[in-house]
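Participant: One structure, pasted below without further comment.
Computed from the coordinates by the stated procedures, all read-outs in this text should not be read as laboratory data. Predicted model only: the values in this text are computed from it and were never measured.
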Amino acid sequence: VSDEEESVRVSTSMQQQAPQQAKVFQVSLKVDVRGRRCCYLATDNIMRQIPKIRNVKSGVLCLFLVDSNASLSINENADPTVRTDMDGAMKRMAEKGATAWSVCGDFELLALKSALFGRSLTLPINNGYPSFGTWQGIYLCSWGKSSSSSSSSSSSSSSSTLTLIATWIQLSSPVRHITVSPDKRGVHDITADVTKSFLPEKKAHKKRKTTEKGKEDADEEKHGMLFVMVRHTSASMGLSAVEASSLDNTFDRVVPEKWNDEFFVHTYEGPDDMPGHVKSSLFGVTCALPVTDSKVALPSNVQLVLGEHRDVGYGHSRRVSGIMMSEGILGTCSISLSFSPTETAHDITQHIIKNLPELKKTVTGWVTVVATSEETALAVAPKTGQDKKTLLGPSIAKAFEALGGRDTGLALAGREVSIPVAKGALRLGDSSSSSSSSSSSSSSSSSS
């Protein structure tokens with residue numbers, strides 16, 4: 001596996017060169033987490049700071065957390081015991097993953113916790129608000145002292161503030177909704193359901209025009225991104241190349257139902273409920289799919305899967321929202337990386353910058369990166385060491401392997417991240433970069 005190449009697809013949108021004059025906005029948000037539990041509901045706080053989004057009938061919101069000691073997730077917006085139980089679950093998952101390390105400091109442990117849930121979200125916007133289900137909300141999970149402020153001011157007020165960057169685009173295409181009906185608890189391939197419902201039918205092929213330079217006009221090969229989200233808090237969604245039963249067994253090993261007897265408080269909706277919430281945040285509920293010529297640009301062995309984590313699962317009917325983004329995209333590229341037998345992670349930040357020259361022209365937007373090869377994943381993680389040049393990706397990759405197993409650990413890490421862009425630069429934060437991992441390692445983007 002180490003000798004196989006990993007392909008990464010990148011797309012970005014920008015305001016001034018959008019073909020249909022798509023409107024793009026970007027705002028930096030400060031959220032004070034002082035005195036609050038590690039996981040708390042931040043939906044109202046975030047939406048209050050981006051009032052202009054209320055005028056967006058349909059679009060996409062990209063949220064990116066600058067701090068490397070925290071995570072973003074979507075989960076239960078009602079019962080606060082879900083959030084306290086989530087803290088306990090994270091502590092146990094991180095401790096198990098850290099057993100793969102010979103040395104584990106607080107900095108490394110916080111970075112692992114951040115990678116477990118992730119630091120970016122891409123949400124379909126419908127009538128000025130994320131297309132959430134009834135019980136969904138945005139979790140801002142602070143696992144330790146704010147990394148974005150620790151290097152500047154030592155005051156208590158600054159160290160309790162997390163920084164998010166919100167970027168959103170207004171689109172002409174509508175948000176659509178479908179219902180998928182898995183027949184039982186487990187992991188299910190929903191690629192065909194989603195592509196059939198959300199992607200436009202391919203038009204009959206027309207003869208391509210030839211330009212003055214003799215090059216064919218490739219307008220018909222338009223690129224796009226399909227952003228989808230499952231609207232439930234005990235289900236999950238993501239890209240996977242792992243056998244469905246293996247991935248489902250991994251979920252059960254990583255988040256066992258015995259935790260109901262050991263420390264979970266939110267147990268009154270059944271033994272599968274709180275474990276289902278944790279699995280939902282671990283695998284995620286949103287996904288970005290690269291599209292070329294009305295087809296999802298993924299290998300045949302990589303599938304969009306739905307994790308049904310409950311035995312009842314609302315009668316096993318789950319609602320999925322999605323929006324096709326074909327306007328406002330400035331450029332796309334593919335990156336191929338080769339891993340040696342001893343390598344587990346690459347910092348791909350400079351690869352993105354080099355292979356996407358349109359990035360330097362982007363005033364406001366974001367880059368979505370998708371790992372499309374088998375047994376690869378992506379994450380955003382800080383660099384460590386006195387010179388801040390040591391990549392944490394290999395360590396985080398080993399931690400995912402210890403947590404989920406050699407063959408399925410990477411599947412938990414996720415295959416896509418979205419990074420804000422401003423004035424031609426990636427806004428990763430002072431100590432972050434993006435990296436990708438292969439085989440028995442989880443891909444993590446260290447901080448550059």
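Participant: Quick one: Karplus J couplings for region 391-402, per residue in order, coefficients 6.51, -1.76, 1.60, θ = phi - 60°, nearest Hz, x for Gly and Pro?
Facilitator: 6, 7, x, x, 5, 5, 4, 5, 5, 5, 5, 5
Participant: Shifting gears a bit: Please tell me which of these pairs span more than 26 angstrom C-alpha to C-alpha: K23/K360; K91/K184; K30/K113; K360/K389; K52/K354?
Facilitator: From the list (K23/K360; K91/K184; K30/K113; K360/K389; K52/K354), the Cα-Cα distance tops 26 Å for K91/K184; K52/K354.
Participant: A further question follows. List the residues whose amide H sits under 5 Å from the amide H of R415, counting only those 5 or more places along or on another chain, with H placed 1.01 Å from N in the peptide plane.
Facilitator: Counting only residues 5 or more places away or on other chains, the set is L239, L378.
Participant: Then there's this: What residues qualify as long-range amide H neighbours of E257, i.e. H under 5 Å apart, gap of 5 or more or another chain, H built at 1.01 Å from N?
Facilitator: Amide H neighbours of E257: none.
Participant: Then there's this: For region 280-295 and region 349-373, what is the centre-to-centre distance using only Cα atoms, to the nearest Å?
Facilitator: Their Cα centres are 17 Å away from one another.
Participant: State whether region 39-83 is rounded, prolate or oblate according to the following rule on the C-alpha gyration tensor (a ≥ b ≥ c being the square roots of its eigenvalues): a/c under 1.5 gives rounded; otherwise a/b larger than b/c gives prolate, and the remaining case gives oblate.
Facilitator: On the way: a/c = 2.26, a/b = 1.44, b/c = 1.56.
Oblate.
Participant: Further question on the same structure: Starting from the amide H of V56, placed 1.01 Å from N in the peptide plane, find each other amide H under 5 Å away whose residue is 5 or more places distant or on another chain.
Facilitator: G128
Participant: Which of rounded, prolate, oblate describes region 339-435, given a ≥ b ≥ c as roots of the alpha-carbon gyration tensor eigenvalues and a/c under 1.5 marking rounded, otherwise prolate only if a/b is larger than b/c?
Facilitator: In terms of gyration-tensor shape, prolate.
Participant: Could you go through region 341-358 in sequence order and give the Karplus-derived ³J(HN,Hα) for each residue, using 6.51 cos²θ - 1.76 cosθ + 1.60 with θ = phi - 60°, rounded to whole Hz, and x for Gly and Pro?
Facilitator: Residue by residue, region 341-358 yields x, 9, 8, 10, 8, 10, 7, 9, 4, 5, 5, 5, 4, 5, 8, 10, x, 4 Hz.
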